[in-house]
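A short reminder: the numbers here are calculations on the coordinates, not readings from a lab. Bear in mind the structure is a predicted one, so any value in this text is a computation, not a measurement. For neighbour counting, all protein chains shown are included, and Cβ atoms are generated from backbone atoms with ideal geometry for every residue, glycine included.
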Amino acid sequence: MFGLTKKDLSLLGIVAILTMAAPFILNPFPTESAMAQFNAGYPDLMQKFVIFGIFAIGFNILFGLTGYLSFGHAAFLGVGSYSCVWMFKLLGYNVLPGIALSIVVSGLFALLIGVITLRRSGIYFSILTLAFAQMSFALAYSVLSNPKFNLTNGETGLQVYADDPQWFHSANLPDLPHLFGLSMRATHRMTLGGWEFQFNAGYYMCAIIMLVCFYLAIRIFRSPFGLMLRAVKSNQQRMNYTGLNSRPYTLAAFVISGMYAGLAGGLLSAVDPLAGAERMQWTASGEVVLMTILGGAGTLIGPVLGAGLIKYFENIFSKINESVLHSWFGFLPDGLEDFVITIVYPFVGKGWHLTLGLIFMLVVIFLPGGLIEGGQRIGRLFRGKKASKAGKSATTEPAE
Amino acid sequence: MDAIILQILNGLDKGSAYALIALGLTLIFGTLGVVNFAHGALFMIGAFCSVTLAKLLNLSFETVDPTQKDFLGNPLKVKTPYIESWFGPEVGATIIDWSVPLAILFAIPIMLVVGYVMERGLIKHFYKRPHADQILVTFGLAIVLQEIIKFYFGANPIQTPAPDALSGVASVGGAVGLNIAYPIWRLCYIAFSLLLIGGAFAFLQFTTFGMVVRAGMADRETVQLLGIDIDRRFTIMFGLAAAIAGLAGVMYGPINAPNYHMGMDFLVLSFVVVVVGGMGSLPGAVLAGFLLGILEAFASTTWATTTIPGINQIIIYLVAIIVLLTRPRGLMGKKGVMED
């Protein structure tokens with residue numbers, strides 16, 4: 001079905017079920033319980049999961065398949081965000097034109113940058129993309145926000161003002177991003193016993209788009225085109241010697257992944273109509289690299305997992321403060337409690353970046369295939385001992 | 001004329017930081033073939049060495065002075081740094097005042113050890129891995145180092161003032177009829193980095209150790225066949241490169257108060273500098289560092305920014321892109337480096 005093999009179809013099915021049921025799955029703790037702060041099932045965070053999932057899937061098409069490590073993908077994210085907000089300003093709050101434009105504009109931008117940067121490979125490519133992204137950041141942050149020609153609104157961030165034209169806006173439409181009248185903020189709350197589940201329109205729109213993106217990524221991975229990209233990764237020189245020009249293929253991969261990034265940027269604006277230049281900064285590019293590597297570059301589901309994990313860390317792990325720790329370790333004797341807390345404290349709360357950096361380093365050193373490879377290894381371990389547990393790693397099926 | 005000289009000085013000032021970091025990066029790349037994304041973090045650690053020394057020197061004990069009263073009428077508590085009680089108030093105050101230059105001595109052993117540990121503990125295992133992996137693991141290391149510093153020193157910039165004697169403004173070029181006022185410390189910075197760069201080159205050029213290292217950079221295998229333990233020397237070079245970055249950071253403290261992400265800010269530009277200079281070329285890195293610094297200074301003048309708004313923000317990247325497209329090996333890059 002859909003031109004997929006049975007294995008890929010079941011993977012797609014699992015992802016579809018997981019994303020659709022996310023409001024339940026991510027809300028395992030009752031609202032009143034002490035663990036409620038670990039619930040991730042609120043719209044804002046769920047939207048980030050899927051949007052950054054799209055970003056990472058796109059990045060993976062470039063890095064996972066061709067091995068070209070781009071350190072400037074945030075530029076496309078930013079361009080996408082800006083284009084989407086501009087559509088809001090000019091046409092009105094319907095998200096479709098905004099998202100469409102953000103894909104187109106970021107695709108063109110990626111084409112321009114790709115033509116230049118793909119003349120080089122390896123570390124030069126990384127640094128060239130980094131330079132382009134930093135240049136775009138500088139342009140967006142200060143250069144293109146002068147009073148004569150204000151494209152990005154600089155430090156404040158681009159947003160919709162009351163005196164913007166908004167040609168297709170009418171009084172009966174919500175004053176927020178919407179899809180033909182359905183506001184992106186519309187949330188249906190459902191209370192079941194001690195639990196509260198939130199079903200958000202914006203989340204479901206992003207999730208469906210992510211599923212489409214995921215499906216396209218599977219198709220790309222399985223296509224002759226994807227095979228060609230893998231050949232570039234394994235031995236570009238031999239490809240060139242056989243008389244094949246690999247540039248068009250890498251360029252296509254670059255543009256596709258740029259469009260994915262632009263789409264993610266557009267969706268970010270669609271759920272929150274404010275686009276700032278900091279989205280283009282190179283730390284943001286670094287973040288998507290972290291996500292992809294952490295989950296497993298070159299695998300289908302890895303980048304999505306990585307994106308989810310990092311966003312979860314960023315939003316949930318960072319909230320653990322000293323008093324929370326005290327409540328956790330309160331059962332220990334006083335001296336021991338303080339000792340444990342002093343050890344744990346630097347790694348949680350504001351220090352979550354430290355944990356992230358350490359995990360990332362460990363993954364790069366010991367698990368170059370990311371968490372997916374870890375899952376596989378564990379799976380193999382179980383399969384070696386007990387054949388009955390062989391199905392354990394079915395959800396983490398790799399692409400390679 | 002004055003304005004031009006002033007901009008050149010500004011450029012040299014910024015450029016010397018770029019040149020020092022780029023020199024270290026190139027040393028590491030040329031010897032070990034590793035792309036070190038954590039080099040900016042080494043620069044930052046250097047700057048925090050001087051912060052730490054200043055804190056150590058300012059460790060003080062409290063005494064109650066019954067002759068003075070504070071605003072509530074209680075006896076005034078006076079803090080006296082231990083240094084002042086050991087060496088007498090005047091010598092002690094002078095030592096505290098000169099904490100940044102003293103930090104140079106303090107930072108050298110620390111940075112050497114940090115570099116050595118980093119190479120032996122982590123980077124050694126990445127020689128055989130692809131460049132992408134090296135970039136990624138050092139990128140992770142940079143995040144970790146940055147966060148450790150942030151945990152201990154906080155996220156706010158910490159002032160590290162230059163000694164009083166060096167913190168004023170000097171008049172430059174009086175002898176040739178110019179009158180330019182320029183901060184003394186920045187002049188010191190330029191002089192210091194020229195000295196450091198000169199020292200590094202002299203070390204490589206005129207000592208036996210340097211000769212062996214250069215031979216190893218040119219042809220590692222042959223040197224190993226001659227029975228020389230080149231890996232050990234390369235490790236030492238890594239330590240030296242770390243020390244150079246650290247010293248650049250120590251001296252940069254008074255110009256820009258150190259904060260935990262200063263390394264990352266410099267790193268991106270330093271990479272651009274290395275690439276413009278030519279991967280693996282030491283003179284290229286230094287030359288490109290100064291050139292780009294000066295270019296940036298000229299692009300920051302009012303004339304330039306009114307002609308093309310924001311040119312100062314993007315000039316370096318623009319130049320880097322043009323250079324890479326017209327001279328793919330950079331200004332002084334040699335054939336065969338990083339071209340696999």
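Where does the charge balance sit around residue A:4 when Lys and Arg score +1, Asp and Glu -1, over other residues with C-beta under 11 Å from its C-beta? Charge balance in the 11 Å sphere: +3.
Taking 21 Å as the cut-off for C-alpha to C-alpha distance, list the pairs among B:14/B:334; A:233/B:128; B:77/B:150; B:128/B:150 that go past it. Violating the 21 Å limit, Cα to Cα: B:14/B:334; B:77/B:150; B:128/B:150. Ordered by the number of other Cβ atoms lying within 10 Å of each residue's own Cβ, fewest first, A:163, B:265, B:164 fall into the sequence A:163, B:164, B:265. Taken about its Cα centre, region A:6-281 carries a charge dipole of roughly 1300 debye when the Cβ of each Lys and Arg holds +1 and the Cβ of each Asp and Glu holds -1.
The fewest-to-most ranking of B:303, B:185, A:328 by surrounding Cβ atoms within 10 Å reads B:303, A:328, B:185.
Of all DSSP beta bridges confined to chain A, the antiparallel ones make up roughly 90%.
For region B:258-313, the relative contact order is 19 percent, taking Cα pairs closer than 8 Å that sit 6 or more residues apart in sequence and dividing their mean separation by the residue count. The residues B:116, A:141, when put in order of fewest to most other Cβ atoms within 10 Å, stand as B:116, A:141. Would you please classify the overall shape of region A:6-281 from the alpha carbon gyration tensor, given that a ≥ b ≥ c denote the square roots of the eigenvalues, rounded means a/c under 1.5, and beyond that prolate means a/b larger than b/c while oblate covers the rest? Oblate, because a/c is 1.5 or more while a/b does not exceed b/c.
Of all aspartates and glutamates in the structure, the ones whose alpha carbon falls short of 17 Å from that of residue A:89, not counting any fewer than 8 places away in one chain, are A:163, A:164, A:175, A:272. Among B:167, B:270, B:50, the residue with the largest mean-square fluctuation in a Gaussian network model of chain B, with springs joining Cα atoms closer than 10 Å, is B:167. Below 15 angstrom from the Cβ of residue B:103, what's the summed charge of the other residues (Lys, Arg +1; Asp, Glu -1)? My count for the surroundings of residue B:103 gives 0. Counts of other chain beta carbons within 10 angstrom of each beta carbon in peptide A:357-363 average 5. Scalar couplings 3J(HN,Hα) for region A:97-108, obtained by applying the Karplus form with A = 6.51, B = -1.76, C = 1.60 to θ = phi - 60°, are x, x, 5, 4, 5, 5, 5, 5, 4, 5, x, 5 Hz; x denotes Gly and Pro.
Within 10 Å of the Cβ of each residue in B:325-332, the mean number of Cβ atoms contributed by other protein chains is 1. Ordering B:32-38, A:148-154 by mean Cβ neighbour count within 10 Å, with the highest value first, yields B:32-38, A:148-154. Per residue, the protein assembly as shown reaches -21000 deg cm²/dmol at 222 nm when only DSSP H runs of four or more residues are counted, each adding -39500 (n - 2.57).
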